[in-house]
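The values are calculated or read from the model by the stated rules, or taken from the named source; none is laboratory data. Source: prediction; values computed, not measured. With ligands, DNA and RNA removed, areas are computed over all heavy atoms of the protein, side chains included. Shrake-Rupley method; radii C 1.70, N 1.55, O 1.52, S 1.80 Å.
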Amino acid sequence: MTGDVLFVEGTGLISKLIQWVTGGKWSHTALFLDDETLIETEWNTKCRIINIHDTDYLTKNHEIVHVEFDDDDKELLNVAIYPFLGAKYDYWLLVKLFFKHVFKIGFKKNSPQKVVCSELVAHILLILGHFDYNEFGVANTSPNELYKILKCKYGGGCDGCN
C-alpha cells in the first residue's frame, strides 16, 4: 500500500558489508508509492521509481512495515519525492555510517544532493510530517535503524528502539 516501507536482506557483497557495518539484518529499503511501484536508490543507481515486479526483492528475505498514510500524505507524495529523483548514491555516507556504528562517532548532516536508501525513505517521511526533525537523525540512519524506528512507531514492536 502507499507509504509502506520495504526492507530487504540482501545477499550480495555490498549488502553483506552494510549488514556488517550496521550490525543488522536489513541492507536495503524502499518506499511504496502505490501497490506496485517503489522509490529507491541503490549503490549502483541514481534515485528512481521502479516496479516491484522488475526486482527480485520479494524473492529475498524481506519485511514490509505499514506506515499510516492519509489522503493528504498520498496527495503530497509526488511533491515530496520530486527533489530526490535522479539523486546520486551517497557513498560517503556509508563511510560515515561505518564510523558511527563501529567507533560510535557521530557526524552532522550530509549532502542533500546524494542519498542512501534509508536516508531517502526517512527524508520523504519527514517531509510528509511522519517525524519531527529532532525525533531521530534523519540524515544518519541505516536501514536497520529506520526499521527499528518504524516498528516502534507503526508496528507495535519496540525491540531495541531506545
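A few comments on the model shown:
- Based on protein heavy atoms only, the chain ends up with 53 Å² per residue of surface accessible to a 1.4 Å probe.
- Of the labelled figures [x] 1.63; [y] 1.83; [z] 0.95, only one reflects Cα Rg over 2.2 N^0.38 Å as derived from the coordinates, namely [z].
- Rh (Kirkwood; distinct C-alpha pairs) - region 18-85, Å: 13.6 Å
- Listed pairs Lys114/Lys153; Lys16/Lys74; Lys74/Lys104 exceeding 29 Å between Cα atoms: Lys16/Lys74; Lys74/Lys104
- The chain, helix-only ellipticity at 222 nm - DSSP H runs n ≥ 4, -39,500 (n - 2.57), divided by all residues, nearest 500: -10000 deg cm²/dmol
- Taking the protein heavy atoms of region 1-91 in the context of the full set of protein chains, the accessible area attributed to carbon and sulfur is 53 percent at 1.4 Å.
- Whole-Hz couplings from phi, Karplus 6.51/-1.76/1.60, listed for region 91-99; x for Gly and Pro: 5, 4, 5, 4, 5, 5, 5, 4, 5
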